[in-house]
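Student: Before I ask anything, here is the structure I am working with.
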Amino acid sequence: MMRQMSALTPSPWVTRFAPLIAAGGEVLDFACGNGRHARWLAGRGFRIEAVDRDAVALELLAAVPHVTTREADLEVGTWPYEGRQFDAIVVTNYLFRQRLPLLLTALAHGGVLIYETFMVGNERFGKPSNPDFLLRSHELFERVSGSCTVLAYEQGEVAEPKPAVIQRICAVKGHAPSLRLPAAMP
C-alpha cells in the first residue's frame, strides 16, 4: 500500500538535509508552489523567501511567520536575486536550466542546495513529459559538482509519493569534505 502524502507534506529529501542549513538562516524556496517547504522550514526557525509566479498560492503564504513572498516569472525577465545570497536554496519539482547557474551564484559559500526534480524516463508516468523539463542522466550532479561539494545524489525511479523518475541532490557551496551527513530517510 502506498503511503498518501498531503499536498503540504514536505519532501523527505528536504527534511533529511534541512539540518545542514545554518540555524536561523535565510532560505530561498524557488518555484515554491503551494509553499509546503516554506511553511515547514519557517516552522523550524528559518527565514524564508518564497518565490513563484502563482499569486494565489503566494497569498496563502502571506500570513505565515518568517515567510516573505515574491511573485515573479522565474523564466523570463530580470533575475530577481541579483546581488542576493542565501544560506540555502530549495527547489522541488521544477526545472528551468537557464536559471541554474544564477541559483548557484545566489547560494552563499557554505550554503546548502537541496534540489529534487524529474528526469528522462518520467514521461512513462505522465507529466512532466517534455524533455525541456526533464533532466538528462547525471545532469544535476554535473551542473552542481564544479562549484559545490556533493553530499548526496540519487537518480532513478521512485514509487512514493507517486511513481516518477527523479534526480535529487544535496550539495554545499565550496569544497568542504568534513561535513557530517544527517540520518538517512526512514
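The values are calculated or read from the model by the stated rules, or taken from the named source; none is laboratory data. For clarity, every value in this text was computed on a predicted model and none was experimentally measured. A quick note on method: Cβ atoms are made from the backbone with ideal geometry, for glycine too, and the neighbour counts reach across all protein chains shown. We work out accessible area using only protein heavy atoms, side chains counted, and drop any ligands, DNA or RNA first. Shrake-Rupley method; radii C 1.70, N 1.55, O 1.52, S 1.80 Å.
Student: Indicate the gyration tensor shape class of the range 4-46 (rounded, prolate or oblate), computed on the Cα atoms with a ≥ b ≥ c the square roots of the eigenvalues: a/c under 1.5 is rounded; otherwise a/b larger than b/c is prolate and the rest oblate.
Tutor: Verdict is prolate for the range 4-46.
Student: Over the Cα atoms of the range 38-79, each weighted equally, I'd like the Debye log10 I(q)/I(0) at q = 0.24, 0.28, 0.32 Å⁻¹, rounded to two decimals.
Tutor: Here the Debye-derived log intensity ratios amount to -0.76, -0.92, -1.06.
Student: Could you pull the accessible area for Tyr94 with a 1.4 Å probe, rounded to 10 Å²?
Tutor: 40 Å²
Student: Here's a follow-up. Given the range 95-157, what whole percent of its Cα pairs are spread farther than 21 Å?
Tutor: Of all Cα-Cα distances in the range 95-157, 25 percent exceed 21 Å.
Student: Can you give me the accessible area per residue for the chain, using a 1.4 Å probe, in Å²?
Tutor: With the other protein chains kept in place, the chain gives 50 Å² per residue.
Student: Once the Cα atoms of the range 1-111 are picked out, what are the Rg and Dmax in Å?
Tutor: 13.6, 47
Student: Please compute the length gained on full extension between Glu142 and Arg84, using 0.36 nm multiplied by the number of residues separating them and subtracting their Cα-Cα distance.
Tutor: 18.5 nm
Student: For Val150 paired with Leu102, estimate the spin-label separation in nm (one decimal), with each label point 7 Å from Cα along the Cα-to-Cβ line.
Tutor: 2.5 nm
Student: Toward the positive end of the charge dipole of the chain, about the Cα centre and with charges on Cβ (Lys, Arg +1; Asp, Glu -1), which of Thr149, Ala63, Trp79 goes farthest?
Tutor: Of the candidates, Thr149 comes out farthest on the positive side.
Student: Moving to a separate point now. What are the radius of gyration and Dmax of the chain, computed over its Cα atoms and given in Å?
Tutor: Here Rg and the maximum Cα pair distance are 15.6, 47 Å.
Student: Let me ask you something else. Once the whole set of protein chains is in place, how much accessible area is left on Ser129, using a 1.4 Å probe, in Å² to the nearest 10?
Tutor: Rounded to the nearest 10, the figure is 60 Å².
Student: Report, to the nearest whole %, how much of the accessible area of the chain belongs to carbon and sulfur atoms, 1.4 Å probe, protein only.
Tutor: Using a 1.4 Å probe with all protein chains present, the chain comes out at 55 percent carbon and sulfur.
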